[in-house]
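The values are calculated or read from the model by the stated rules, or taken from the named source; none is laboratory data. For clarity, every value in this text was computed on a predicted model and none was experimentally measured. Every residue, glycine among them, receives a Cβ derived from its backbone with ideal geometry; neighbour counts consider all protein chains shown. The area values use the complete protein model at the heavy-atom level, side chains included, leaving out ligands, DNA and RNA. Shrake-Rupley method; radii C 1.70, N 1.55, O 1.52, S 1.80 Å.
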Amino acid sequence: MTQGWRFRYWSRNSLATRIALASAFFGFLTTGCAIVAGFYALSHQLDARSTAELLGKRDLLMHVLSEIPSLEAVSPNRHRFGDLLIGHDDLHLALADTASGKILTSFSPIATQSTSAPDTFPVSSSSIQSWTTATGDRLSTIRGSSPVANGMTVQYYLSLDRRHDRRLLGGFIKTTVVGWPLLLLVVALGAWLNARTSLAPLRHFHRLAASIGAKSLSQRISSSGLPPELYELAEEFNRMLERINSGYRRLQDFSGELAHEMRTPIATLMGRTQVALSRPRTSAEFREVLEGDVEELERLSRLISDMLFIARADHNEDPLNHERVELAQEARRVADYLSLIADERGLAVEVAGTAIVMADRLLVDRAITNLVSNAIRHAMTESKIHVAISAEDNSVTLAVTNHGDAIPPQHLERIFDRFYRVDSGRSRLDGGTGLGLAIVRSIMVAHGGQVKARSSADGETTFTLIFRATGASPSEPP
């Protein structure tokens, strides 16, 4: 329960706040490690400096002792030993007789105390030991013996007061304790300001997304000057708006075209029925009216059926039943089925070539039927319609060619749109719904293929179905 509450609380924080908190946390870890490393490095450097200072003073002390003629001359030459301590108020020196332990000279009480310091290390000329006085002072002491000129030895105790080093380390810790939270606060604030400034385009995205409506889909985000991450986001956002705008406009056009297509047969049905009911009619007259109404109702039924088919195909609601389809066989079956209509206009349908594709047989049959029937409807009388099938490395094509009126280039780009007609009046009189070619495109898209159209100035028009060849990789374009 507590963890869930923490997660919800964290998820409600702004991205800039999350970045600031994360930066502060990692800053805490990083600076903490740096402070600990710095403390130990400083402490090590101070120890090394103290050791070097003590060893240097010891060498000077041993040199001075070697020039003293005897133990009795130590005290009269006190000034020579005092010169070693000039400018070093933290150094303390005591000299004692090695045999009797009697202190020959001492330069401070601390130096005298050093003669009775705990003997934790063996006495040698290079051993340094740390100890604490009765007053709490921390000292580093080097002790040993050195001969004077007559061969007698003197015990020396050279101590260094580490009080200044302790103050330096204490100041370091105090400064760190005071400055560390301020540093983390500055890091967090800087990260928050930086994140908030860098994420300003996201707030613009939010405002733009909130303002977009049906009448403002043309708005776009300027991607100039954005960092690569936000630049890609802006470009994708603009492409998304373009897709939404394009889909919305197609939906608007489709709604208007559908209303127009359905209005004509409904108006015809209403007009014929109202005229028939305006005065008494004979049974034959009513039958004639009903037969006309049935034709309009059949046209409406085909229109609705075609629309449902396109909707299902566009949304992949019906899974394809892939099987081996021999295109030449299907094309000849279609040609035989439409032979009566073709014969009425003196047309002949010829099929050439052969190829096999993996596809849904019923859908392929419908696509070929739509193309051939379209060719029959627009071909010149006493001409031939050619169905050419060919196979290449990665694709299989089925081209339907007829000779008739040329299709202007501006119509070729929209000829596969729903309800689009080059000659709307003629198509409607022929009983077409304006969805035949749109159905062909939906079928080909569902199969991962495509359909193309071209028309030359002499009236030769070709519609080509392009299938992916059997065994071709899905990543290879047809």
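What the table below lists for this structure:
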quantity	calculated
Pair list, Cβ under 7 Å, 6 or more apart: the stretch 237-251 residue on the phi > 0 side of the Ramachandran plot, other residue of a type outside the set (S, T, N, Q)	none
Per-region count, the stretch 48-102, residues assigned to a loop (DSSP other than H, G, I, E, B) and at negative phi	17
Residues being assigned to a helix (DSSP H, G or I), modelled with pLDDT of 75 or more and open to solvent by 90 Å² or more (accessible area, probe 1.4 Å) - total across the stretch 299-336	4
Extreme residue, surrounded by the most Cβ atoms within 10 Å (Cβ to Cβ), among residues of the stretch 22-65 that are under 30 Å from Leu95 (Cα atoms) and small (Gly, Ala, Ser)	Ser50
Those strands (runs of 3 or more DSSP E) lying entirely in the stretch 121-189 with at least 3 residues open to solvent by 30 Å² or more (accessible area, probe 1.4 Å)	128-132, 138-147
Extreme residue, most open to solvent (accessible area, probe 1.4 Å), among residues of the stretch 66-83 that are acidic (Asp, Glu) and without any contact (Cβ under 8 Å) to a residue 60 or more places away in the chain	Glu72
Residue identified as of a type in the set (A, V, I, L, M), over 30 Å from Gly170 (Cβ atoms), at pLDDT below 85 and open to solvent by 60 Å² or more (accessible area, probe 1.4 Å) among Ile86, Ile19	Ile19
Residue among Ala367, Ala355 that alone is touching a helix residue (DSSP H, G or I) at 6+ places or on another chain (Cβ under 8 Å), surrounded by 19 or more Cβ atoms within 10 Å (Cβ to Cβ) and within 21 Å of Ala438 (Cβ to Cβ)	Ala367
